[in-house]
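Quick notes on the structure that follows.
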Amino acid sequence: MQTIKLTYPHTIPTDELPETVAAIGFFDGIHKGHQQVIQAAIAEAKARQMQSAVITFHPHPSVVLRKDVQHVKYITPLQEKQEILQRLGVDRLYIITFDKTLSSLEPQTFIDEFIIAMNIKHLVSGFDFSYGYKGRGNVHTIQDHSRGLFTFTAIDEVKMDNEKISSTRIRELLKSGQVDKANTLLGRPLTVRGIVKEGDKRGRTIGYPTANLDVSTDALLPRVGVYAVKVLYKNEVYKAMASLGYNPTFTADRKEPIIEVNIFDFNNDLYGESLILEWHKFIRDEEKFNSADELVKKIEDDESRIRDFFHH
């Protein structure tokens, strides 16, 4: 997959771009609804013997348009997004910088610059896609703005159990710890990638050595608590338990939650290594214990519950 970053005004010569069928949207999470839009574009590209593309934006529009939002966390930060799109079989990824200039473009200018000039012959979007200044362009205006140079399909909303699948809904589920439900809407487990950093090494003294994961501040994490997780490391998958929280038994003043992972039946040193964590099931809230012994009893209980969970 070829990745091309674009900022308005861009100077990519149209005649050097292949004829393409593109899916357009922000696509945070690349959930089952997004996947239908993207897969429709891939199928149409195959039928027309053209290249398939995804046109997306970065950063999230709310960072630019809302004064109260300085930083957005993503269900799929950019690197995850790229990897998932590659797995889906997309040929080209266009990442358009979302800035003040882009947000003030007239809808027709947006279409001229980013669809027509990109040699897009067919465009696919979700039913609620909007573009141009104040989102004045939408699925009902695209055909007018196409100048007869490309065709367009809008994909209806995708529902599961009578509920619209949306990034907003997935964010709500993560906030309440319902990672298993979020995973159903995503069509795959939520993941976070991190580098193992030096921790307090307290885990090994109580028989539960942990890998402390340093993750990107762009990654949206679920609610604080203990989780059943899987760890992807060097093409192997390990069952594990993770504590996401402030470690209140030993520290009082932590500002950001940390992720500590105990990988079952695993003894290698992981400092400096890159891991991917899959969130599978919320087990319990974080608790403060009066002693290390109380903590160990609880962790033993967590471990047997999580081993059972993965066993079934």
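What follows draws every value from the coordinates through simple rules; no lab data is involved. What you see is a predicted model, and the numbers here were worked out from it, not measured in a lab. Don't worry about glycine lacking a Cβ; one is built from the backbone with ideal geometry, like all the others, and counts go over all protein chains shown.
Structure values in brief
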item: Positive-end residue of 120, 18, 105, charge dipole of segment 2-164 with Cβ unit charges; result: 105
item: Cα-based reach from residue 239 at 16 Å (exclusive), listing aspartates and glutamates while leaving out same-chain residues under 8 positions away; result: 180, 260, 265, 278, 300, 301, 302, 303, 308
item: Paramagnetic reach from residue 49 (point 7 Å along Cα→Cβ, amide N under 19 Å) across segment 15-32; result: 17-22
item: Members of 164/281; 255/288; 73/197; 32/159; 73/100 lying beyond 18 Å, as alpha-carbon distances in this model show; result: 164/281; 73/197; 73/100
item: Mean projection area, nm², convex hull over Cα of the chain; result: 18.3 nm²
item: Volume per residue of the C-alpha convex hull in segment 2-164, rounded to whole Å³; result: 120 Å³
item: Sparsely packed GluC sites (Glu not before Pro) within segment 54-148, loop by DSSP, other Cβ within 10 Å at most 12; result: none
item: Relative contact order of the chain, defined on C-alpha pairs under 8 angstrom at six or more residues apart (%); result: 16 percent
